Amino acid sequence: MLFMNQTSFHQSLHVPIYPGEYTPMLHKEELNEELKLTREGTVVQPLVNVRDYHDCYTVEVCIPGLNREDFLLTVEDQTIYITVLHKEHSHHGSMKYQLHEFNYECFKREIILPDNADTELIKSHYSNGILHMHIPKSSKPIENISMDVVVY
């Protein structure tokens with residue numbers, strides 16, 4: 001599995017990455033308000049795989065139909081918080097469904113990692129409907145870390 005270089009950022013709006021800049025589209029205040037709303041067909045917990053390798057953990061989250069800008073990944077201590085706000089600007093409001101079993105417009109998911117996961121070095125990218133994270137293992141105790149993670 002190929003993971004691109006990633007830069008973590010702390011409370012900044014522009015992070016230089018190659019090529020161009022990453023400008024998060026999500027604001028925490030707006031997310032908190034949207035998470036309070038109920039939506040038809042909302043999937044609260046997307047499916048997650050966490051694999052344990054000898055030198056790292058990998059996390060895969062199945063979330064089809066989004067853009068990388070729709071994600072807000074934050075780490076606090078040994079927990080990854082995945083928050084999504086995806087507002088479609090199409091005719092979605094007037095659309096009638098025959099069957100509507102999933103909706104990834106807005107949700108928050110927590111993934112608790114083992115104590116030896118080095119959450120400061122998380123690499124993350126989104127492709128083909130799967131959010132991929134690579135988290136190296138550490139032989140030293142991990143300090144409590146609080147940061148945002150860029151999704152490539």
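Could you say whether any residue in the stretch 134-142 is in contact (Cβ under 8 Å) with a residue 24 or more places away in the chain and among the polar types (S, T, N, Q)? The answer is no; no qualifying residue exists. The requirement of being surrounded by 13 or more Cβ atoms within 10 Å (Cβ to Cβ) and modelled with pLDDT of 90 or more is satisfied by residue 82. Restricting to the stretch 57-74, give me the number of residues that are over 14 Å from residue 125 (Cβ atoms) and either touching a Lys or Arg at 6+ places or on another chain (Cβ under 8 Å) or at pLDDT 95 or above (or both). Summing the residues that are over 14 Å from residue 125 (Cβ atoms) and either touching a Lys or Arg at 6+ places or on another chain (Cβ under 8 Å) or at pLDDT 95 or above (or both) in the stretch 57-74 gives 2. Residue 115 passes every criterion in (1) under 10 Å from residue 57 (Cβ atoms); (2) surrounded by fewer than 19 Cβ atoms within 10 Å (Cβ to Cβ); (3) not aromatic (Phe, Trp, Tyr) apart from (1).
State which residue is farthest from residue 73 (Cα to Cα) when the search covers only the stretch 106-142 and only residues that are in contact with a helix residue (DSSP H, G or I) (Cβ under 8 Å, 6 or more places away or on another chain) and part of a loop (DSSP other than H, G, I, E, B).
Of the residues in the stretch 106-142, the ones in contact with a helix residue (DSSP H, G or I) (Cβ under 8 Å, 6 or more places away or on another chain) are 106-108, 113, 125-126, 135-136, 142.
Remaining after also requiring part of a loop (DSSP other than H, G, I, E, B): 113, 142.
Values: 113: 14, 142: 19 Å.
Looking at residues that are in contact with a helix residue (DSSP H, G or I) (Cβ under 8 Å, 6 or more places away or on another chain) and part of a loop (DSSP other than H, G, I, E, B), I get 142.
The values are calculated or read from the model by the stated rules, or taken from the named source; none is laboratory data. As the structure is a computational prediction, the values presented were derived from the model and not from experiment. With ideal geometry, Cβ positions are generated from the backbone for all residues, glycine too; neighbour counts draw on all protein chains shown.
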